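Only one structure is covered here, and it is reproduced in the block below.
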Amino acid sequence: MYLGWGAILPKQAFLTLWNANISYLDFITDEALGTTDASSFSVIIKEICLGIGGYLLLYPVLTAQRRVAAQANCIGMPGIQHRSVSMALLSILRTEGISALYRGLAVYSVGASIWVLAMPTMTQFFWLRYEDSARSEIQELLRLG
């Protein structure tokens, strides 16, 4: 039951630190953009900057999580090199440098962007489809009764 805590804890720690300082980060970006108007385009820019900042802060942890998940003592897989995500982070930094923590960022970002853009559309499509089938089932139940 507690086997995955080592993979989740570092990511949650980074997210907690980021969210704990979000009001301060809001203030800094408001000052940099020169506006606090909630209806302006600068608010969208601010949210994008804060989102990308959190994403860039968290991506090394995701890299370390993938490295830990990909290791196994079987043919075709790398042997066990890291016991935890934090040890993987330190090892990658020491042996490969900081650029290794961001390896694959561009491809992952494209995939995540497609998912974020496609998800609302797909959700709406399935919701409307379900809504139509549910409506016809209700109509059939009302006719039977």
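Scanning region 113-127 for residues that are of a type in the set (S, T, N, Q) and under 22 Å from Ile52 (Cβ atoms) yields a total of 1.
Pairing residues of region 55-76 that are part of a helix (DSSP H, G or I) with residues that are modelled with pLDDT of 85 or more and of a type in the set (D, E, K, R), at Cβ distances under 8 Å and at least 6 apart in sequence or on separate chains, gives Thr63/Arg103.
Can Arg94 be described as assigned to a helix (DSSP H, G or I) and among the basic types (Lys, Arg)? Criteria met by Arg94. Give the residue, chosen from Leu56, Leu25, Leu62, that is modelled with pLDDT of 75 or more and exposed (fewer than 15 other Cβ atoms within 10 Å of the Cβ). It is Leu56. Cβ-Cβ distance below 6 Å, separation of 6 or more or different chains: which pairs start in region 96-118 with a residue that is at negative phi and end on one that is surrounded by 10 or more Cβ atoms within 10 Å (Cβ to Cβ) and not aliphatic (A, V, I, L, M)? Pairs found: Leu101/Pro60; Leu101/Thr63; Leu105/Tyr59. Is it true that Leu50 is out of contact with any strand residue (DSSP E or B) (no Cβ under 9 Å at 6 or more places or on another chain), within 23 Å of Ile8 (Cβ to Cβ) and modelled with pLDDT of 85 or more? Answer is no for this residue. What about Ser109, is it assigned by TED's automatic domain parsing to the domain that holds Leu57, modelled with pLDDT of 70 or more and not hydrophobic (A, V, I, L, M, F, W, C)? No, not satisfied.
The values are calculated or read from the model by the stated rules, or taken from the named source; none is laboratory data. Quantities reported herein were computed from a predicted structural model and do not represent experimental measurements. Glycine also receives a Cβ, built like all others from the backbone with ideal geometry; neighbour counts cover every protein chain displayed.
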